Amino acid sequence: MKRTLALLAALLLTLALAAAAQAQAEPEFSTYEGRVLRVQALDPQPYHEEGWEEQLVTVELLSGPYKGQTVEILHTLTGHPYFDLRVREGQRVILQADETGPQPQFFLADLSRTRPLAVITALFILAVIAVGGRQGVKAIISLVGMGLIILTMILPLILKGFNPIVVTVGLSSVLTGLLILFITGPTRKTAAAIMGTVGGLLAAGLLAYAAGKASSLTGLSSGEAQILQFMSSSLDFQGLLFSGIIIGALGAILDVGISIASAMEQIKAADPDTDFLTLFTRGILVGRDMIATMSNTLILAYVGSALPLLLLFQASSTSWRQVLNLDLVASEVVRSIAGSIGLTLAIPLTALAAAFLFVQPEDKGQNLRD
């Protein structure tokens, strides 16, 4: 167990160093944090359209080589509720710097959201550790490890032209095994959870691939994918869509696999004489109570993310048949249904694996003779 923990810790450290080195070696632009000292309204210019505002924003730089310096930025507001960046005194902002000339030119890029994000992240970590104890610490470490592997391995390999489905399924399966082993240790429960989770993950991937091909999904329904196509048109965007479906379902399938295996381990511990069929049946019964909630979790998560789009269709009185045939909506339907089927199949797969691993060979034979 200690050797496993040491290996995983070394892996996480290596990935973290690789990510840091990559970030330092390939900077795309210079951004700095600053604090707004003053916002002064200016008279509108002749070329401004009606409703435009112009401001002179004084900002103190809080990071980078210009830390402590004060700059004045000419800032224009066009009246758009999303694209306009309205700032006030004392607010922290992100500045983008053009350093190609003799003097750097600064522009307001966005609001600085680092502090509130750091606070809610710290609350999450504290809550998980307070409730989960040692297992909570392992959960946080595994979450960081998963994020690092996605950022430093899965995404770079996809950008280099490797098949997104092969990369995602292969690395996700390996990652799943390592995470479960790290959280629960080298036990029969771990083996059962890995078998069920990987099986459900493969099922979700195959179903997404088959349904996506049959539906002629392009993978270019989102604005982000369309922007990425202009940057790298050689990517397999359909495969990228399927990879996103697999990663999106991984968390729920992983939850089901560990929960079923843990429940069956406790059932076996409470009734050591239970036979194969009884233990398998109890595992399925436990899983049935999870199907509705876990499936709803996936589907409602996707519906929640697409709520403005659904409201747009509702407000425009668009036919729902037409809506369902849109590439964007069909992609989300395949995403939610394939993930739900994957986590549903993970239940019997985990229960079957756990029953074989927890029940002694003589009990299996006795059950078959009966």
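State the number of residues belonging to region 100-153 that are assigned to a loop (DSSP other than H, G, I, E, B) and over 23 Å from Ser30 (Cα atoms).
1
Only one of Leu151, Leu95, Leu155, Leu108 is farther than 30 Å from Leu61 by Cα and surrounded by 12 or more Cβ atoms within 10 Å (Cβ to Cβ); which?
One residue alone meets the criteria, Leu155.
Go through (1) open to solvent by 90 Å² or more (accessible area, probe 1.4 Å); (2) assigned to a helix (DSSP H, G or I) one by one and return the number of the condition Asp273 breaks.
That leaves (2) as the condition not met.
Can you tell me which of Ile150, Ile125, Ile141 is modelled with pLDDT of 85 or more and under 20 Å from Phe182 (Cβ atoms)?
Every option except Ile125 fails the conditions.
Quick one: in region 158-203, which of the residues that are among the small types (Gly, Ala, Ser) and outside any helix (DSSP H, G or I) is surrounded by the fewest Cβ atoms within 10 Å (Cβ to Cβ)?
Result: Gly161.
On the given criteria, is Ala210 over 24 Å from Phe356 (Cα atoms) and in a helix (DSSP H, G or I)?
yes
Only one of these conditions is not met by Leu235: (1) closer than 26 Å to Gly287 by Cα; (2) in a loop (DSSP other than H, G, I, E, B). Which number is it?
Just one mismatch for Leu235, condition (1).
Only one of Phe280, Phe356 is open to solvent by 20 Å² or more (accessible area, probe 1.4 Å), at pLDDT 85 or above and out of contact with any helix residue (DSSP H, G or I) (no Cβ under 6 Å at 6 or more places or on another chain). Can you tell me which?
So the residue among Phe280, Phe356 that is open to solvent by 20 Å² or more (accessible area, probe 1.4 Å), at pLDDT 85 or above and out of contact with any helix residue (DSSP H, G or I) (no Cβ under 6 Å at 6 or more places or on another chain) is Phe356.
For region 233-265, which positions are closer than 18 Å to Ile291 by Cα, crowded, with 18+ Cβ neighbours inside 10 Å and without any contact (Cβ under 8 Å) to a residue 24 or more places away in the chain?
Ala263
Scan region 106-159 for residues that are of a type outside the set (A, V, I, L, M, F, W, C), within 30 Å of Leu85 (Cβ to Cβ) and touching a residue at least 24 places away in the same chain (Cβ under 8 Å) and jot them down.
Residues satisfying the conditions are Asp110, Ser112, Thr114.
Do you know which of the residues in region 56-95 that are of a type in the set (A, V, I, L, M) and in a loop (DSSP other than H, G, I, E, B) is nearest to the chain's Cα centre (by Cα)?
Restricting to residues being of a type in the set (A, V, I, L, M) and in a loop (DSSP other than H, G, I, E, B), the top hit is Leu85.
From the list Thr278, Thr293, exactly one residue is assigned to a helix (DSSP H, G or I), more than 28 Å from Leu143 (Cα to Cα) and among the hydroxyl-bearing types (Ser, Thr, Tyr). Which is it?
Only one candidate passes the filter, namely Thr278.
Which of the following residues is closer than 20 Å to Gly339 by Cβ and hydrophobic (A, V, I, L, M, F, W, C): Leu228, Leu207, Leu235, Leu220?
Leu207
Could you count how many residues in region 76-90 are farther than 19 Å from Glu53 by Cα and surrounded by 14 or more Cβ atoms within 10 Å (Cβ to Cβ)?
0
Given the condition under 24 Å from Leu207 (Cα atoms), buried (at least 21 other Cβ atoms within 10 Å of the Cβ) and not polar (S, T, N, Q), answer yes or no: does some residue in region 305-327 qualify?
No.
Does region 324-341 contain at least one residue that is more than 27 Å from the chain's Cα centre (by Cα) and among the hydroxyl-bearing types (Ser, Thr, Tyr)?
No, region 324-341 has no match at all.
The values are calculated or read from the model by the stated rules, or taken from the named source; none is laboratory data. No experiment lies behind these values; they were computed from the predicted model shown. Reconstructed Cβ throughout: ideal geometry from the backbone, glycine too, with neighbour counts over all protein chains shown. Note: areas computed on protein heavy atoms with side chains; ligands, DNA, RNA excluded. Shrake-Rupley method; radii C 1.70, N 1.55, O 1.52, S 1.80 Å.
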